[in-house]
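Below you'll find the structure, written out as structure tokens, and then a few comments.
The values are calculated or read from the model by the stated rules, or taken from the named source; none is laboratory data. Keep in mind it's a predicted model, so treat the numbers as computed, not measured. Methodologically, a virtual Cβ is constructed for each residue, glycine included, from the backbone with ideal geometry; neighbour enumeration extends over all protein chains shown. Heavy atoms of the whole protein, side chains included, go into the accessibility calculation; ligands, DNA and RNA do not. Shrake-Rupley method; radii C 1.70, N 1.55, O 1.52, S 1.80 Å.
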Amino acid sequence: MTPVFFDYSRRVKLRITGADASRFLNGQITNDLRKATATSAIQASILNAKGKLSAHVFVSMDNDGAFLLDADSELRDELPARLERYIIADDVQVEDVSDEFSILHFVGERPAVATFSRTVASERFGSGGWDFWRVRVPESELREPFAERFVFCDDVCAETFRIERGIPRWGRELTNEIIPVEANLEASSIDYEKGCYIGQEVISRIKMSGQTNKRLCGLVSIPGAPLAAETRLTSEAQPGKDAGWITSATNSDRFGEIALGFVKRGFNETGTRLLAGDVPVQVAPLPFI
């Protein structure tokens, strides 16, 4: 594939320090913090006691051994407050460093650049990629060194790119009402062997039952008509029967009019035909690619 890169500088970035930082943070996230290093980031979810999402984050370490979290910019106020709520007598400090760093993410090829303070392997699109952190600079200065060799993927491009790969996004597929397993995050962000964390009981119970009430699926417009987020899905075989809703939609050069959506149990088998409003759609496996 053509090497591409994305600008994630707007994401909220938190630095977690203190003698109890590792123990505390591991008790907040669904993944095993021991996997996060200075050169490799992990994905993790932060949950409430009911197992629903408070945040989806990427975690790595900086060169001084502190933990760095980055998450969607919408969580800039909510995420620090959520973490600090559980700091009781712990030696833990949560510092917002969002304005101190820029982040670029590269897919398809790892550029050799010496001006970045950190290079971190991360899978933001379901396959290998690299985050480059550096002290905050203007956009033109940040992106210019890569203009000849890499294609910059702007917000519109990035939206289609992630939908084609079935990647959930905060504010669309990921909200405070969603359990991470429903959004297909178990393989990338849940470690079932790690120690306790907030919301673990719910996640373990779902694993044991093997069932969820709904599941994030791909949807393809059969006639090629555009699809739209927030459109309700109904059963074609059982007219009027609610089957879920669309969360994100795009026009893909490769796959036509496609969407992501939560489809209820009993309707989410691959090939099932549904109606998105008046548009016939078919359930497709993720990723589309």
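The table for this structure:
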| read-out | value |
| --- | --- |
| Qualifying residue in segment 224-234 (condition: hydroxyl-bearing (Ser, Thr, Tyr) and farther than 20 Å from ARG169 by Cα) | yes |
| Answer from LEU79, LEU53, LEU69, LEU25 - the residue that is within 30 Å of VAL151 (Cβ to Cβ) and open to solvent by less than 20 Å² (accessible area, probe 1.4 Å) | LEU69 |
| Residue list for segment 258-289, restricted to those being among the β-branched types (Val, Ile, Thr), under 21 Å from the mean Cα position of the chain (by Cα) and in a strand (DSSP E or B) | ILE258, VAL263 |
| Test: residue in segment 13-20 that is over 30 Å from GLU144 (Cα atoms) and among the aliphatic types (A, V, I, L, M) | yes |
| Single unsatisfied condition, GLN238 versus (1) among the polar types (S, T, N, Q); (2) out of contact with any Phe, Trp or Tyr (no Cβ under 7 Å at 6 or more places or on another chain); (3) in contact (Cβ under 8 Å) with a residue 12 or more places away in the chain | (3) |
| Residue within segment 192-208 that is open to solvent by 30 Å² or more (accessible area, probe 1.4 Å) and in contact with a Pro (Cβ under 7 Å, 6 or more places away or on another chain) present | no |
| Filter result for LEU104 (under 30 Å from ILE206 (Cβ atoms), open to solvent by less than 40 Å² (accessible area, probe 1.4 Å) and not basic (Lys, Arg)) | no |
| Given (1) of a type in the set (A, V, I, L, M); (2) under 16 Å from THR247 (Cβ atoms); (3) surrounded by fewer than 20 Cβ atoms within 10 Å (Cβ to Cβ), index of the condition LEU185 fails | (3) |
| Failed criterion for GLU144 (all others in (1) buried (at least 19 other Cβ atoms within 10 Å of the Cβ); (2) free of Cβ contacts under 8 Å to residues at least 60 places away in the same chain; (3) out of contact with any Asp or Glu (no Cβ under 8 Å at 6 or more places or on another chain) hold) | (1) |
| Segment 235-259, residues that are open to solvent by less than 30 Å² (accessible area, probe 1.4 Å), farther than 22 Å from TRP170 by Cβ and in contact with a helix residue (DSSP H, G or I) (Cβ under 9 Å, 6 or more places away or on another chain) | none |
| Hits in segment 123-152 - residues which are in a loop (DSSP other than H, G, I, E, B), within 24 Å of MET61 (Cα to Cα) and small (Gly, Ala, Ser) | GLY126, SER127, GLY128 |
| Whichever residue in segment 117-135 is modelled with pLDDT under 95 and among the charged types (D, E, K, R) and, among such residues, is most open to solvent (accessible area, probe 1.4 Å) | ARG134 |
| In segment 178-229, residue farthest from LEU53 (Cα to Cα) [restricted to those that are among the β-branched types (Val, Ile, Thr), part of a loop (DSSP other than H, G, I, E, B) and within 15 Å of the chain's Cα centre (by Cα)] | ILE190 |
| Residue in segment 92-107 that is at positive phi and in contact with an Asp or Glu (Cβ under 8 Å, 6 or more places away or on another chain) present | no |
| Hey, VAL113 hydrophobic (A, V, I, L, M, F, W, C), open to solvent by 70 Å² or more (accessible area, probe 1.4 Å) and touching a helix residue (DSSP H, G or I) at 6+ places or on another chain (Cβ under 9 Å) or not | no |
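Per-residue answers, yes or no, for (1) within 25 Å of PHE24 (Cβ to Cβ); (2) touching a Gly at 6+ places or on another chain (Cβ under 6 Å); (3) free of Cβ contacts under 8 Å to residues at least 24 places away in the same chain:
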site	(1), (2), (3)
ALA89	yes, no, yes
VAL94	yes, no, no
GLU100	yes, no, no
ILE103	yes, no, no
PRO111	no, no, no
THR119	no, no, no
SER122	yes, yes, no
PHE125	no, no, no
TRP130	no, no, no
